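I'd like to ask you about the structure that follows.
The values are calculated or read from the model by the stated rules, or taken from the named source; none is laboratory data. Since this is a predicted model, take the numbers as computed values, not measurements. A quick note on method: Cβ atoms are made from the backbone with ideal geometry, for glycine too, and the neighbour counts reach across all protein chains shown. For accessibility, only protein heavy atoms count, side chains too; no ligands or nucleic acids. Shrake-Rupley method; radii C 1.70, N 1.55, O 1.52, S 1.80 Å.
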Amino acid sequence: MSTSWNRTGENKPTVLSTLPKELPLDFLKTITGQFAEERILGVGAFGTVYEGTMPDGQKIAVKRLAENSPIARDKAFNSEVQNIMALQHENIVKLVGFSHEGQKKVVLNNGRYIVADIVESLLCYEYLSQGSLQKNLFEVPILTDWDTRFKIIKGICKGLVFVHSIGIVHMDLKPQNILLDDKMVPKIADFGLSRLFGQEQTRMNTQNVVGSYGYIAPEYLYRGEISNKSDIYSLGLLILETTTMQKNCPGNEPSAGSFIKSVRENWTPNHIVSQFPGSDGDRLQQVNKCIIIGLECVEIDRQKRPTIENIVDRLNGLCSSTS
Ligand SMILES: Nc1ncnc2c1ncn2[C@@H]1O[C@H](COP(=O)(O)OP(=O)(O)OP(=O)(O)O)[C@@H](O)[C@H]1O
């Protein structure tokens, strides 16, 4: 088993690397102080994330899915577990264990208290100390250093190459779903919404659209069409936000239209020079390249969006355009 994620002891195996994949609920209760409020790292759409401390002192993140969460049903839960467990990449958040146990609980049912079997579903991830990209871009202290932001953009793209290479469309790329480790290496999180596709494109009922408004590709939002290119659209917004440090949908608007328009109109080469004073030519070129690539990614016509492989080659200076 790979132990490359172990940062406490120069890659020597620790309790975490030998952890059984399926963990007893009682163990997870113990390491999170009975899901104590002060251990909460954040709350997402499907549940609450707690900090857990392993017996050797190493931290993990324990996501406790809400009982009424649609994802907590057996099928969706198992599919998320299997998706993530198969994913092993430097730029993907690692799932280190899970628990899916029934518990007897007293619940109110049609005005009467009954004892019911309630399934508690939990996912345990490697702990990422620097939090989300959203926090690093828009909360104090903001991540002003361009070299780190460029490294983050390249890391996210490398992670997405891997995701697409194994036939998965992530479907919810956004700055909240990029987490950073202690060396500011980005990790793509939250595969709860991803599905496996045998074909390049699948049609879905638009009623079932998943993802986050402002980041969803228009063909998916309006016609339910999913492909790798829907992730490329969301990635474009991530690249533009990370480059400009400006928020997509600043006033909680439903669409990215005004953000994209403002980047397209304002982020000219001259504007870039004024935004990065004192930067050398290489850096200015990197910024310019990110703006160009980001804007190509958010083209309405998905055929015009670049592939993730092309994006990585261009960021690494291996080629200069989509062709
Ligand atoms: N592995 C982790 N290490 C450290 N903190 C984490 C980890 N996973 C999640 N968190 C924290 O918990 C918060 C909630 O995460 P969660 O994945 O549940 O929701 P989200 O991605 O923010 O939102 P949504 O569920 O709507 O996509 C994150 O913003 C982050 O601050």
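I'd like to know if segment 100-121 contains one or more residues that are charged (D, E, K, R), loosely packed, with under 15 Cβ neighbours inside 10 Å and either touching a residue at least 24 places away in the same chain (Cβ under 8 Å) or within 10 Å of the ligand (Cβ to nearest atom) (or both).
Going through segment 100-121, the residues charged (D, E, K, R) turn out to be 101, 104-105, 112, 117, 120.
Subsequent filtering for residues that are loosely packed, with under 15 Cβ neighbours inside 10 Å retains 104-105, 112, 117.
Checking which are either touching a residue at least 24 places away in the same chain (Cβ under 8 Å) or within 10 Å of the ligand (Cβ to nearest atom) (or both) leaves us with none.
No: zero hits.
Which ranges mark the strands (runs of 3 or more DSSP E) fully within segment 1-68 that have 1 or more residues being away from the ligand (no atom under 12 Å from the Cβ) and at pLDDT 95 or above?
On the way: elements: 40-44, 47-53, 59-65.
Output list reads 47-53.
Could you tell me which numbered condition Val273 fails, if it satisfies all but one of (1) surrounded by fewer than 18 Cβ atoms within 10 Å (Cβ to Cβ); (2) in contact (Cβ under 8 Å) with a residue 60 or more places away in the chain; (3) β-branched (Val, Ile, Thr)?
(2)
Among the residues of segment 72-83, is any of a type in the set (Ser, Thr, Tyr) and either at pLDDT 85 or above or within 14 Å of the ligand (Cβ to nearest atom) (or both)?
Narrowing segment 72-83 to residues of a type in the set (Ser, Thr, Tyr): 79.
Filter once more, so that each one left must be either at pLDDT 85 or above or within 14 Å of the ligand (Cβ to nearest atom) (or both): none.
No.
Applying the selection to segment 122-168, what residues are at pLDDT below 95, crowded, with 19+ Cβ neighbours inside 10 Å and of a type in the set (Val, Ile, Thr)?
Listed by number, the residues that qualify are Val163, Ile168.
Tally the residues that are open to solvent by 20 Å² or more (accessible area, probe 1.4 Å) and more than 9 Å from the ligand (Cβ to nearest atom), restricting the search to segment 172-187.
As a first pass, look at segment 172-187 and keep what is open to solvent by 20 Å² or more (accessible area, probe 1.4 Å): 174, 176, 179, 182-185.
The next check asks that each one be more than 9 Å from the ligand (Cβ to nearest atom); those that pass are 182-185.
Looking only at that region, the number is 4.
Pairs, please: C-beta under 9 Å, at least 6 apart or cross-chain, first residue assigned by TED's automatic domain parsing to the domain that holds Cys157 and in segment 243-263, second open to solvent by 40 Å² or more (accessible area, probe 1.4 Å) and among the β-branched types (Val, Ile, Thr)?
Cβ pairs passing all conditions: Met245/Ile142; Met245/Thr144.
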